[in-house]
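Structure first, then comments.
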Amino acid sequence: MNGKDAPQLRPYPQHPPKSLDVLSAKLIGNGLAGVNQELLEYRIGQVGYFRLKGYWYPFLTPVSEESAKRSLPFRQGTRFQDIWDRYLFDQELRMLVFDGIVTIEIYLKSFLAHELSVFGGEFGYMTREGLPGLSYDTHLACLSSLRSSFTKSNLPYLRHFRNTYSDPLPPYWMIVGCLSYGTLKENFYQGAPDHIKRKLATKLHIFNPNPNPAVRGDAKILSNWLETIRQARNMTAHHDRFWNESSIRIAPKLPKHRSGSHAKGWWGNDWDIFRKSSGPAAFLTMENYLLSQIDGPAWRKKFISLMSKYPQIPKSDMGFPDGWEMSPLWCVDDLSH
């Protein structure tokens with residue numbers, strides 16, 4: 001970006017910190033009902049005024065009919081419990097999303113450790129031939145990163161390896177234990193040969209139109225999904241608001257629609273109702289799809305239960321269209337095609 005195109009920056013406006021009683025009185029004075037000042041002070045102290053603002057923002061008064069911006073006062077009839085319910089729902093949703101990602105992450109570690117060791121030997125990652133998807137420089141950086149993770153780890157079996165064997169690094173099935181999701185994805189998944197990526201995609205029922213079993217797994221979609229999972233993992237681990245997040249960073253690439261004689265049984269057409277949705281609905285559907293292949297309907301049942309627990313949460317704000325529960329991606333236990 002050159003100087004001419006650079007945004008015009010300005011100093012952050014002054015916002016002198018205010019006491020909790022002043023902040024709570026301000027909100028109640030601007031029409032927030034159903035809460036006394038003592039409880040509101042407690043909640044602001046518990047969560048933070050700025051953080052909680054993200055949940056009450058939709059209840060504020062629109063600045064104008066043309067603008068999406070909102071400001072105080074609150075819309076008439078706004079009750080604090082409505083805001084607090086959204087906060088609690090989002091907190092439970094993040095925990096459930098993260099729980100599902102952990103299941104996916106453990107599966108990836110197991111799959112890649114096995115397949116890569118079969119392909120290049122238990123220490124195959126020590127050479128570029130074992131991770132052909134990495135460049136020379138990237139492979140060097142990979143070894144440095146793995147060595148750092150290994151030496152810092154306090155996992156009992158890695159301490160035992162360090163104290164027992166002369167090898168600088170352990171075999172695949174041990175080293176994956178101390179790797180972050182990002183390190184696993186960037187080094188072992190990206191470095192894996194194409195046939196292993198396609199095999200993983202096939203096992204997760206991520207297909208392209210090619211009927212040839214050897215190349216039917218769609219590694220491009222899989223790679224995109226693994227990246228959106230990384231983004232969502234960071235968001236949920238760092239407690240970012242998730243329930244109505246509209247960022248494209250968690251919007252998974254969807255398989256293309258097919259028509260005519262090719263449409264019968266094509267898994268991509270099941271995604272049609274989510275093609276225009278915003279919010280986390282498509283991500284949550286993708287997460288459910290993967291977990292259904294890995295662990296059956298367990299996660300889906302927890303998700304449906306959570307949604308039923310908070311019927312007042314507007315599902316359209318999450319990107320869910322009417323009737324989403326009855327779509328093929330959500331209403332059956334076996335999603336295989």
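Brief remarks follow.
- Any hit, region 40-62, residues being more than 30 Å from Pro311 (Cβ to Cβ) and without any contact (Cβ under 8 Å) to a residue 40 or more places away in the chain: no
- Single residue of Tyr125, Tyr181 found to be over 23 Å from Leu204 (Cα atoms), surrounded by 18 or more Cβ atoms within 10 Å (Cβ to Cβ) and touching a residue at least 24 places away in the same chain (Cβ under 8 Å): Tyr125
- Residue that is farthest from Met307 (Cα to Cα) [pool: residues in region 262-278 that are open to solvent by 40 Å² or more (accessible area, probe 1.4 Å) and charged (D, E, K, R)]: Lys264
- Hits in region 232-261 - residues which are part of a loop (DSSP other than H, G, I, E, B) and either open to solvent by less than 50 Å² (accessible area, probe 1.4 Å) or of a type in the set (Val, Ile, Thr) (or both): Phe242, Trp243, Asn244, Glu245, Ser247, Pro252, Leu254, Pro255
- Qualifying position, being touching an Asp or Glu at 6+ places or on another chain (Cβ under 8 Å) and of a type in the set (Phe, Trp, Tyr), among Phe80, Phe59: Phe59
- Checklist (1) touching a residue at least 40 places away in the same chain (Cβ under 8 Å); (2) small (Gly, Ala, Ser); (3) within 20 Å of Tyr189 (Cβ to Cβ) applied to Ser223, failing item: (1)
- Top-ranked residue of region 198-210 - restricted to ones that are in contact (Cβ under 8 Å) with a residue 60 or more places away in the chain and assigned to a helix (DSSP H, G or I), ranked as surrounded by the most Cβ atoms within 10 Å (Cβ to Cβ): Leu200
- Single residue of Ser246, Ser223, Ser261 found to be over 24 Å from Asp90 (Cβ atoms), assigned by the TED database to the domain that holds Gly182 and modelled with pLDDT under 95: Ser261
- Unmet requirement for Ser277, which otherwise passes all of (1) more than 20 Å from the chain's Cα centre (by Cα); (2) among the small types (Gly, Ala, Ser); (3) under 28 Å from Thr202 (Cβ atoms): (1)
- Among (1) out of contact with any strand residue (DSSP E or B) (no Cβ under 8 Å at 6 or more places or on another chain); (2) closer than 25 Å to Ile313 by Cα - the single one Pro7 does not satisfy: (2)
- Condition met for Ala192 (among the small types (Gly, Ala, Ser), open to solvent by less than 30 Å² (accessible area, probe 1.4 Å) and in contact (Cβ under 8 Å) with a residue 40 or more places away in the chain): yes
- Taken together, the residues in region 72-100 that are among the small types (Gly, Ala, Ser) and loosely packed, with under 12 Cβ neighbours inside 10 Å amount to 1.
- Search result, residues across region 282-306 that are surrounded by fewer than 18 Cβ atoms within 10 Å (Cβ to Cβ) and more than 18 Å from Tyr107 (Cα to Cα): Lys301, Lys302, Ile304, Ser305, Leu306
- Of the residues making up region 285-332, just one is in contact with a Lys or Arg (Cβ under 8 Å, 6 or more places away or on another chain), more than 22 Å from Phe59 (Cα to Cα) and in a loop (DSSP other than H, G, I, E, B), namely Trp330.
- Evaluation of Val215 against the conditions (1) modelled with pLDDT of 95 or more; (2) part of a loop (DSSP other than H, G, I, E, B); (3) open to solvent by less than 60 Å² (accessible area, probe 1.4 Å) shows that the sole unmet condition is (1).
The values are calculated or read from the model by the stated rules, or taken from the named source; none is laboratory data. All values reported here derive from a predicted model rather than from experimental measurement. Note that each Cβ is placed from the backbone with ideal geometry, even for glycine, and that neighbours are counted across all protein chains shown. Each accessible area value is taken on the protein alone, full model and side chains, heavy atoms only, with ligands, DNA and RNA left out. Shrake-Rupley method; radii C 1.70, N 1.55, O 1.52, S 1.80 Å.
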